[in-house]
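Notes for the one structure printed next.
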Amino acid sequence: MSAPLNGGAVVLALLVLGVGAREGVMTARFWQQSLWSAGVFAIASAAVWFVAFATDSKVSLRRALPQQRQTLTYLATAAGLLFVVVNFWLIAIGALQTKTLFSAAWLPSASAVILPILFAAAAIQASLLPPTAAWDARRLTVREINVVLLLSIPALLLLPGGANGWREALHLQPKPGVLSAGLTIASSDAVRWLAPVLATGVALLIGQTALHALLRPGAASMVFTAVIFYQATANFVFAQTSGATALDAAAHFLALLAAVVLDVVYMIRIYAADNRRTLWYALTASVVMTAGTALILLPRTSSYPPVTAMVGVSVMAGSATLGLWCGWSGAGFGRWMRVANLPK
């Protein structure tokens, strides 16, 4: 029970930080969207737990046959991918509107509902896999690829930037946020530097979940390769439609870098992959590589300010704090997924 609770707490924190990266910190919209997203996520998580995992529920999926639960996981994957397409489409419509004729303010809340469903589907799918005695580098089966796809959708929804920056790329700036005291503010440099910190946390949470659910070095990279594919395809289509240039996917590439480092460490130490020391080696290497790359490369772009001593310390400390918590929770959640008490 502690592993799902820790995982849920991390996802909730990432949701709130994602609102901060999108709307600015301490704005009226930040408080509004944070409360809505957190509340909706908590209610949806409780409902999903009751339906999928509760032992005393008469409607629990524990009572379903393995074939029925397998079908449900495939349907969840299809529904999740459809949601990704619709999400991109609605954000594009909002970005292309020159007037406030269209609003998709409910999309973050919809994502908060989708997230626990996809995580539960991934857990059910992992519990349906044949028992694996040890880590290895074998090819993934269709069911294991389904776990990768199910985890790639939450990773995409939790990462900052991407489609959320399409309006800015078209120079259609949204109305600035308003402080609770009524003061307007613009996006600050500190908020921009929240993106690489958040990318590190998302990568280590989802990457460790995939690794420990499948016992397969390479699983983390597969998840974020799928994420890059989704975002790159959407950016290309939007650029062709709108004429926008320099569409953002920095956080997605940073997350892929963190995932690759995780996989490399676990491949090198595959003989002791379940050792706690391997976990901390992988998390530390990923945090250092991702935060260091962000501090070196992002200031070379036009959207990021120069790195100061305060920025460097803040990004490293934030990435380490959030990344280690997310990675530790993801490893526990991945292990729980393999041994979730679901009938075979």
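Which numbered condition in (1) modelled with pLDDT of 90 or more; (2) over 15 Å from Leu157 (Cα atoms); (3) out of contact with any helix residue (DSSP H, G or I) (no Cβ under 6 Å at 6 or more places or on another chain) is the only one that Asp56 fails?
For Asp56, the failing item is (1).
When you look at Ala251, is it more than 22 Å from Val227 (Cβ to Cβ), out of contact with any Phe, Trp or Tyr (no Cβ under 6 Å at 6 or more places or on another chain) and open to solvent by less than 40 Å² (accessible area, probe 1.4 Å), yes or no?
So Ala251 does not fit the description; no.
Taking Thr132 and the conditions (1) of a type in the set (S, T, N, Q); (2) outside any helix (DSSP H, G or I); (3) open to solvent by 80 Å² or more (accessible area, probe 1.4 Å), which numbered condition does it fall short on, given that it satisfies the others?
For Thr132, the failing item is (3).
Quick test of your reading of the structure: Pro299 fulfils all but one of (1) modelled with pLDDT of 95 or more; (2) out of contact with any helix residue (DSSP H, G or I) (no Cβ under 8 Å at 6 or more places or on another chain); (3) over 15 Å from Gly327 (Cα atoms). Name the failing condition by number.
(1)
To keep it simple, each residue is scored yes or no on (1) hydrophobic (A, V, I, L, M, F, W, C); (2) touching a residue at least 60 places away in the same chain (Cβ under 8 Å).
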{"site": "Val288", "(1), (2)": "yes, no"}
{"site": "Ala294", "(1), (2)": "yes, yes"}
{"site": "Pro305", "(1), (2)": "no, yes"}
{"site": "Phe333", "(1), (2)": "yes, yes"}
{"site": "Ala340", "(1), (2)": "yes, yes"}
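Give Trp36, Trp89 a once-over and let me know the one that is surrounded by 16 or more Cβ atoms within 10 Å (Cβ to Cβ), under 20 Å from the mean Cα position of the chain (by Cα), farther than 26 Å from Val315 by Cα and among the aromatic types (Phe, Trp, Tyr).
Trp36 is the lone residue from the list that is surrounded by 16 or more Cβ atoms within 10 Å (Cβ to Cβ), under 20 Å from the mean Cα position of the chain (by Cα), farther than 26 Å from Val315 by Cα and among the aromatic types (Phe, Trp, Tyr).
From (1) without any contact (Cβ under 8 Å) to a residue 24 or more places away in the chain; (2) part of a helix (DSSP H, G or I); (3) surrounded by fewer than 18 Cβ atoms within 10 Å (Cβ to Cβ), pick out the condition that doesn't hold for Tyr74.
So the condition that Tyr74 fails would be (1).
Return a yes/no flag: does the range 227-247 have any residue that is closer than 26 Å to Ala3 by Cα and surrounded by 15 or more Cβ atoms within 10 Å (Cβ to Cβ).
yes
Enumerate the pairs (first residue in the range 113-132 and more than 15 Å from Leu75 (Cβ to Cβ); second residue anywhere and aromatic (Phe, Trp, Tyr) and open to solvent by less than 20 Å² (accessible area, probe 1.4 Å)) with beta-carbon separation below 7 Å, excluding pairs fewer than 6 apart on the same chain, so at least 6 apart or on different chains.
Final answer for the pair search is Leu115/Phe41; Pro116/Phe41.
Checking the condition open to solvent by 20 Å² or more (accessible area, probe 1.4 Å) and in contact with a Leu (Cβ under 7 Å, 6 or more places away or on another chain), which residue from Leu211, Leu194 passes?
From the options Leu211, Leu194, the qualifying one is Leu194.
Could you look through the range 59-71, keep only residues that are assigned to a helix (DSSP H, G or I) and not hydroxyl-bearing (Ser, Thr, Tyr), and pick out the one that is farthest from Ala46 (Cα to Cα)?
Within the range 59-71, the match that is farthest from Ala46 (Cα to Cα) is Gln67.
Given the options Thr245, Thr241, Thr278, name the one that is polar (S, T, N, Q), touching a residue at least 40 places away in the same chain (Cβ under 8 Å) and part of a helix (DSSP H, G or I). If you could, list the steps in order and put the result at the bottom.
On the way: Thr245 fails: part of a helix (DSSP H, G or I); Thr278 fails: touching a residue at least 40 places away in the same chain (Cβ under 8 Å).
Of Thr245, Thr241, Thr278, the one residue that is polar (S, T, N, Q), touching a residue at least 40 places away in the same chain (Cβ under 8 Å) and part of a helix (DSSP H, G or I) is Thr241.
Listed here are the residues, each with its yes/no results for (1) among the hydrophobic types (A, V, I, L, M, F, W, C); (2) outside any helix (DSSP H, G or I); (3) open to solvent by 40 Å² or more (accessible area, probe 1.4 Å).
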| position | (1), (2), (3) |
| --- | --- |
| Ala255 | yes, no, no |
| Val260 | yes, no, yes |
| Asp263 | no, no, no |
| Ser286 | no, no, no |
| Met289 | yes, no, yes |
| Ala294 | yes, no, no |
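What residue, among those in the range 275-284 that are over 19 Å from the mean Cα position of the chain (by Cα) and crowded, with 19+ Cβ neighbours inside 10 Å, is nearest to Ser314 (Cα to Cα)?
Taking the candidates together, the pick is Leu279.
In this structure, is Leu204 under 22 Å from Cys326 (Cβ atoms) and either open to solvent by 30 Å² or more (accessible area, probe 1.4 Å) or in a helix (DSSP H, G or I) (or both)?
The answer is yes for Leu204.
The values are calculated or read from the model by the stated rules, or taken from the named source; none is laboratory data. Please read these numbers as outputs of a predicted model, since none were measured by experiment. Every residue, glycine as well, gets a Cβ built from its backbone with ideal geometry; the counts of neighbours run over all protein chains shown. We work out accessible area using only protein heavy atoms, side chains counted, and drop any ligands, DNA or RNA first. Shrake-Rupley method; radii C 1.70, N 1.55, O 1.52, S 1.80 Å.
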